[in-house]
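The values are calculated or read from the model by the stated rules, or taken from the named source; none is laboratory data. Predicted model only: the values in this text are computed from it and were never measured. Cβ coordinates were reconstructed from backbone atoms using ideal geometry, including for glycine residues, and neighbour counts include every protein chain displayed. These accessible areas exclude ligands, DNA and RNA; they are computed on the full protein's heavy atoms, side chains included. Shrake-Rupley method; radii C 1.70, N 1.55, O 1.52, S 1.80 Å.
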Amino acid sequence: MTSAKKPNYTLPIIVMFFLFAMISFVTGFQNPFGVILKSQLGLSNLQSQLGNAANFIAYAFMGLPAGMILQKKGYKFSAVAAVLVGMIGVALMFVSSLFEDKNSIISIYLCGAFVGGFSMCMLNTVVNPMLNTLGGGGKTGNQLLQFGGSLNSLAATICPVLVGYLMGNNLQEVSLVDARPALYIAFGVFAIALIVLFLSKLPEPILEDLKRGGKKTDAPTLGGALKFRHYVGGVVAIFLYVGIEVGIPNMANLYMTAPASAGGLAMDAAVAGSIVGAYWFLMLVGRLIGGSIGGVISSKTMLTAVSAIALCLITGAILMEPTMINAPVLGEVPLNILLLVLCGLCTSVMWGGIFNLAAEGLGKYTAVASGFFMVMVCGGGILPIIQGAVADASNYLASYWVLFIAVAYLLYYALIGSKVLRRDASAEVIKEEVKEGISVND
């Protein structure tokens, strides 16, 4: 008997890789675009973070609905819907550049950023399981996810460098019009992905299971997961982590490009964009290193180490003078900014460490608990706003005390808060449930 021919998913896999990169590329717009809007419209530091806030707060609204859409409509429908929503978001950001009135620019741009956040949340919900499915699960599926994650980091590196280059050296004369080429690129990639998705046949294991009579009965609820204290602590940690990851480069970009009279370093936008890009590049390096040593070092040890190092780097950045030093590749860089850039090596592995510790011993609640993490990504919009408010009230470096407190919590969570514990069960019950779920971290 001739075995069935295995489908060739090369083209859909390539599209998923591009979408993985677009998640980071479009999300990354909010940092340099915030610098542009601040200069163009005379915004405060807090106001310059509103686009970033709108993008990430969208996750709080779309996290759970995105999972429901995937469950009911399958991968292809969800991916197409996410791309269409993304195109609308990019189009709105472009439309905002057509206006000269301050209120019109801000309102339309924020709508675009918010709609873009919907798309990024939907893509995050779709792309990860889809790549795993296209790879057939197992080692191949995991390998595709690792490649996708690397492209995600690469796009995050390119975005600030590209937009910084488009902004040029005279920040006082720059506007959203100068950043249009970046929006053209994003819209073009989305359009190509949309066409390929329509023409591609994707595996739909969820829909096929329902056709065979599969039912979702007695589905584990989020309430059950929230009974585990270490999971609740992990939810807080994820919320703070995304704020840390985004807040470090966002405020650094504002600090570097602000005039000396406003407490900034008055650096060229192109140079500042390259330095911010280095932060995201180090996140790529950190993820590759973390993946290679993750099999021999526990999540608890890894999260403890990077949190402690990040605390030292942030403290040094706050207290040290911005003395210029010659850094490899980057050239002349303020020492305190270099310390913040090095934090990229630390933040790169925090998500995985927190996720693994928080999911420990959840057993049947793991899936629903993982979905709720997507809602907590909204921390990437809230913490930078708090940072911006502190910068307005004090100075740029003082705003990093907000992130210092957040990283201190991650260190606490790694050392103490991640201990597997459920609030309504005895120690004996916990041990039995852990055995049925995932083995305890060292």
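Taking residues in the range 172-188 that are in contact (Cβ under 8 Å) with a residue 24 or more places away in the chain and in a loop (DSSP other than H, G, I, E, B), and partners anywhere that are surrounded by 12 or more Cβ atoms within 10 Å (Cβ to Cβ) and among the β-branched types (Val, Ile, Thr), the pairs with Cβ atoms closer than 8 Å and at least 6 places apart or on different chains are VAL174/ILE36; SER175/ILE36.
If the condition is being of a type outside the set (A, V, I, L, M) and more than 26 Å from VAL329 (Cβ to Cβ), then the range 232-281 contributes GLY233, GLY234, PHE239, TYR241, GLY243, PRO259, SER261, GLY263. May I ask you to verify whether SER298 is more than 27 Å from ALA54 (Cα to Cα), without any contact (Cβ under 8 Å) to a residue 40 or more places away in the chain and polar (S, T, N, Q)? Against the criterion (more than 27 Å from ALA54 (Cα to Cα), without any contact (Cβ under 8 Å) to a residue 40 or more places away in the chain and polar (S, T, N, Q)), SER298 does not qualify. One residue stands out among those in the range 255-277 that are surrounded by fewer than 22 Cβ atoms within 10 Å (Cβ to Cβ) and in a helix (DSSP H, G or I): the one that is modelled with the lowest pLDDT, which is ALA270.
Counting only residues that are in contact (Cβ under 8 Å) with a residue 60 or more places away in the chain and open to solvent by 50 Å² or more (accessible area, probe 1.4 Å), the range 327-342 holds 1 of them.
Within the range 178-235, restricting attention to residues that are of a type in the set (Val, Ile, Thr) and over 30 Å from VAL163 (Cα atoms), which residue is modelled with the lowest pLDDT? Filtering the range 178-235 for residues that are of a type in the set (Val, Ile, Thr) and over 30 Å from VAL163 (Cα atoms), the one modelled with the lowest pLDDT comes out as THR217. Remark: pairs (first residue in the range 385-413, under 16 Å from ALA258 (Cα atoms) and β-branched (Val, Ile, Thr); second residue open to solvent by 40 Å² or more (accessible area, probe 1.4 Å) and modelled with pLDDT of 95 or more; Cβ separation under 8 Å; 6+ apart in sequence or on different chains) = VAL390/TRP401. Scanning the range 350-390 for residues that are modelled with pLDDT of 85 or more, within 18 Å of LYS300 (Cα to Cα) and among the aliphatic types (A, V, I, L, M) yields MET350, ILE354, LEU357, ALA358. Test ILE57 against the stated conditions and say whether it is β-branched (Val, Ile, Thr), out of contact with any Pro (no Cβ under 8 Å at 6 or more places or on another chain) and open to solvent by 10 Å² or more (accessible area, probe 1.4 Å). Yes. So, GLY28, is that one open to solvent by 10 Å² or more (accessible area, probe 1.4 Å), out of contact with any strand residue (DSSP E or B) (no Cβ under 6 Å at 6 or more places or on another chain), closer than 25 Å to LEU166 by Cβ and modelled with pLDDT under 85 or not? In short, yes.
Condition check ((1) farther than 21 Å from ALA359 by Cβ; (2) touching a helix residue (DSSP H, G or I) at 6+ places or on another chain (Cβ under 8 Å); (3) modelled with pLDDT of 85 or more) across all residues:
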| residue | (1), (2), (3) |
| --- | --- |
| ASP392 | yes, yes, yes |
| ILE405 | yes, no, yes |
| ALA408 | yes, yes, yes |
| ILE416 | no, no, yes |
| ILE430 | no, no, no |
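Against the criterion of being without any contact (Cβ under 8 Å) to a residue 60 or more places away in the chain and either at negative phi or touching a His at 6+ places or on another chain (Cβ under 7 Å) (or both), ILE275 does not qualify. Beta carbons closer than 6 Å, at least 6 apart along the sequence or on distinct chains, pair a first residue in the range 115-134 that is more than 16 Å from ALA81 (Cα to Cα) with a second that is crowded, with 24+ Cβ neighbours inside 10 Å and modelled with pLDDT of 80 or more for LEU131/MET16. Residues that are free of Cβ contacts under 8 Å to residues at least 24 places away in the same chain and open to solvent by less than 50 Å² (accessible area, probe 1.4 Å) within the range 310-321 comprise just one, GLY316. Residue check: MET324 meets all listed conditions (1) under 25 Å from TYR412 (Cα atoms); (2) open to solvent by 20 Å² or more (accessible area, probe 1.4 Å); (3) of a type in the set (A, V, I, L, M) but one, namely (1).
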